[in-house]
Amino acid sequence: MKLDIKYGKDGVQRTEVPDKNYIGTFYPMDVECRDPDTVINESIDNPIGYASLSKFLEGGKDIVFIVNDGTRPTPTAKVFDALSKRMDLRKARYLIATGTHRDMTPEEYDFVFGKHYQSLKDRIISHDAKKSECVNLGRSKNGTPMEVNKIAVEADRLVIITSVEPHYFAGYTGGRKSFLPGVASFLTIETNHKLAMRKEAQSLVLEGNPVHEDMMDALEVVKGKEIFSIQMVLDRHQHIYKVASGSLNPAFDRAVEWANQVFSVPIPEKADIVISVAPYPMDVDLYQSQKALDNGKWALKDGGKIIMVSKCREGVGHATFLTQLSSSKDPEKVLENLSKEYKLGYHKAAKMAEIAVWAEIWAVTDLDPEMIRAANITPFPTVDAAVKEALRQRPEGRVIVLMDGSVTIPRVE
C-alpha cells in the first residue's frame, strides 16, 4: 500500500507498506455535512436554554466573546459571518482563549476573524496567562485557585465560540475549557494540569476525570453569569458537521455526542507499528503534537513501535517537559522524577513516559535529532526511513496509520 502522509501545511511524505503488513489507514469517521452557513444559522436560531441570541444580548452593556486561538481548527470566522447579520460586532470585545499558548501570528488572526479582523482589531484582547489581570474567585474542590481574566469575570454577557473534539486528558475540548485553561491565570492552569498526571484523566472520559471536574468548578464560581455558547463539531476534513448553541453545559453535552460519532473510530485489531500524524495546524510544536502519540497508543500492542509524524513548525513548545523526558534513559525513572514535584508541562512528559515504559516512541520531525534522542524518542529523517526500519526489525509486523492522530481515538471492535 502506497501512502501519502501530510507533513506541515503543504508538504507530503511518501512511504509504502507491504499488503501483508497493512491493517489500514484510519481517519475520523465519514459523516454527512450540510451547507456550513445553514448549520450555523439553524443552531444560533434554535438555541438550547435561551429564547434567542438577540434576547440573550438584550440589555448587555459589556458583551465579551471568548474565542479559540489559531492553533485550533475552529472555523470561528464563519460564525462571525453569521453573527454580523444579527448584531453590530463592534459593540462587543473579543478575548482570545490562549491558555498558556503564545499570542497569535498575523496569519492566525486572519484565520480566526476572517474578513472582520480589520474592523475589530482594536476590540481584540489576547489573554496572557502570566500578565493579564485575573480575579481570584476562590478554590475548586480539588484545591485549584480559580483565577480568571477580569474581562471575562466582569462582562455582563459572555458568548463562547469553540469546537468540541476528544482531548487526551480533559476528555473533550470545548465548553468549560474556554474558561480553564482558556482565560485562566498561569497558576490556575498549572495547578489544574497537575491533575492530568492521574490515570483517570484520559480521552473520552468525563465522569471521574479530575481535570474535567476542576474545569466544571471554574464555571461554578461564575454561576449566574449570562453565557451563550456556539460549539462546533468538525468532520475529518475540518468541515462543520454539527453546531450546538445556547446554554454552555447542555450544548457541550450535545456536542460531545456528535464528537463521538466522528472521532471514536473502530479498528479491527491492535498493531505492532502505529503511524500517528499530527496534521497542520496541530503540528505547531512537540508539546501540542504529543496528542497524536497519546491517541495512537490505543491502537498499539505492548512492545510495539509508535511513529509520530509532525513538522513541529515552531520547535519544542514548553521546554520543561522535554527537560524532564531527558532526565533519564529509563522511562520508569522519568516517572519517578516527575512524581516528586510539578511544573506546567510535566503532565506531557508523564503521558509520554508512560508510553515509553511499554512501547518504543519514534518520531519524524524538523527538530534536532540529538535533542529528540535524549528524550527517549528515536528520530528519523523521513516516514519512509522509519517504516523500513520498523519492518526490518519486525518483518511480520502489522501496521496501522492514523492520518489525523491528534483527534482520532481508535478502539478495537
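The values are calculated or read from the model by the stated rules, or taken from the named source; none is laboratory data. Source: prediction; values computed, not measured. Positions of Cβ are backbone-derived with ideal geometry, glycine not excepted, and every protein chain shown enters the neighbour counts.
Looking only at residues in region 254-294 that are basic (Lys, Arg) and under 27 Å from Trp358 (Cα atoms), the one that is farthest from the chain's Cα centre (by Cα) is Lys270.
Name the single residue that is nearest to the chain's Cα centre (by Cα) among those in region 173-194 being surrounded by 24 or more Cβ atoms within 10 Å (Cβ to Cβ) and farther than 22 Å from Tyr94 by Cβ. The qualifying residue nearest to the chain's Cα centre (by Cα) is His193. Regarding region 69-79, can at least one residue be identified that is on the phi < 0 side of the Ramachandran plot, out of contact with any Gly (no Cβ under 8 Å at 6 or more places or on another chain) and part of a strand (DSSP E or B)? Within region 69-79, none of the residues are on the phi < 0 side of the Ramachandran plot, out of contact with any Gly (no Cβ under 8 Å at 6 or more places or on another chain) and part of a strand (DSSP E or B).
Taking the numbered list (1) among the hydrophobic types (A, V, I, L, M, F, W, C); (2) within 22 Å of the chain's Cα centre (by Cα); (3) more than 27 Å from Ala82 (Cβ to Cβ) in turn, Met29 passes all entries but (3). On the basis of being out of contact with any Asp or Glu (no Cβ under 7 Å at 6 or more places or on another chain) and surrounded by 12 or more Cβ atoms within 10 Å (Cβ to Cβ), does Met1 make the cut? Here the answer is no, as Met1 does not meet what is asked. On the stretch given as region 28-44, residues that are surrounded by fewer than 18 Cβ atoms within 10 Å (Cβ to Cβ) and touching a Ser or Thr at 6+ places or on another chain (Cβ under 7 Å) total 0. For region 335-344, the count of residues that are touching a residue at least 40 places away in the same chain (Cβ under 8 Å) and crowded, with 24+ Cβ neighbours inside 10 Å is zero.
Flag set for Tyr287, criterion: in contact with a His (Cβ under 8 Å, 6 or more places away or on another chain) and either surrounded by fewer than 23 Cβ atoms within 10 Å (Cβ to Cβ) or not acidic (Asp, Glu) (or both). Just one residue in the set Arg72, Arg102, Arg139 is surrounded by fewer than 18 Cβ atoms within 10 Å (Cβ to Cβ), at pLDDT below 95 and either small (Gly, Ala, Ser) or within 24 Å of the chain's Cα centre (by Cα) (or both); that residue is Arg102. Cβ-Cβ distances below 8 Å connect the following pairs, each with a first residue in region 377-392 that is closer than 20 Å to Met352 by Cβ and buried (at least 20 other Cβ atoms within 10 Å of the Cβ), a second residue that is aromatic (Phe, Trp, Tyr) and at pLDDT 95 or above, and a separation of six or more residues or different chains: Ile377/Trp362; Phe380/Trp362; Val383/Tyr7; Ala386/Trp362; Ala386/Phe380; Ala390/Trp362. If you filter region 363-413 down to residues that are among the acidic types (Asp, Glu) and not in a helix (DSSP H, G or I), you find that the one that is nearest to the chain's Cα centre (by Cα) is Asp404. Taking first residues from region 298-313 that are farther than 19 Å from Lys388 by Cβ and partners that are in a strand (DSSP E or B) and among the basic types (Lys, Arg), the Cβ contacts under 9 Å between residues at least 6 apart in sequence or on separate chains come to Trp298/Arg411; Ala299/Arg411.
Counting only helices (runs of 4 or more DSSP H) that sit wholly inside region 280-357, those with at least 3 residues that are within 28 Å of Glu413 (Cα to Cα) and in the same structural domain as Met403 (by TED's automatic domain parsing) are 286-296. For region 214-233, the condition holds for at least one residue, the condition being that it is farther than 30 Å from Glu154 by Cβ and modelled with pLDDT of 95 or more. Exactly one residue out of Val211, Val274, Val262 is hydrophobic (A, V, I, L, M, F, W, C) and in a strand (DSSP E or B): that is Val274.
Here Asp272 passes the criteria (1) assigned by TED's automatic domain parsing to the domain that holds His127; (2) modelled with pLDDT of 95 or more except the one numbered (1). Going by the structure shown, is Asp69 outside the structural domain of Val407 (by TED's automatic domain parsing), in contact (Cβ under 8 Å) with a residue 24 or more places away in the chain and closer than 30 Å to Asp156 by Cβ? When the stated conditions are applied, Asp69 passes them. For region 108-136, filtered to residues that are among the aliphatic types (A, V, I, L, M) and part of a helix (DSSP H, G or I), the residue that is nearest to the chain's Cα centre (by Cα) is Val112. Please verify whether Val79 is farther than 23 Å from Gly224 by Cα, of a type in the set (Val, Ile, Thr) and in the same structural domain as Lys242 (by TED's automatic domain parsing), treating the condition exactly as stated. Here the answer is yes, as Val79 does meet what is asked.
Every residue, every condition in (1) of a type outside the set (S, T, N, Q); (2) within 19 Å of Asp62 (Cβ to Cβ), yes or no:
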{"position": "Asn142", "(1), (2)": "no, no"}
{"position": "Ile161", "(1), (2)": "yes, yes"}
{"position": "Ala170", "(1), (2)": "yes, no"}
{"position": "Thr188", "(1), (2)": "no, no"}
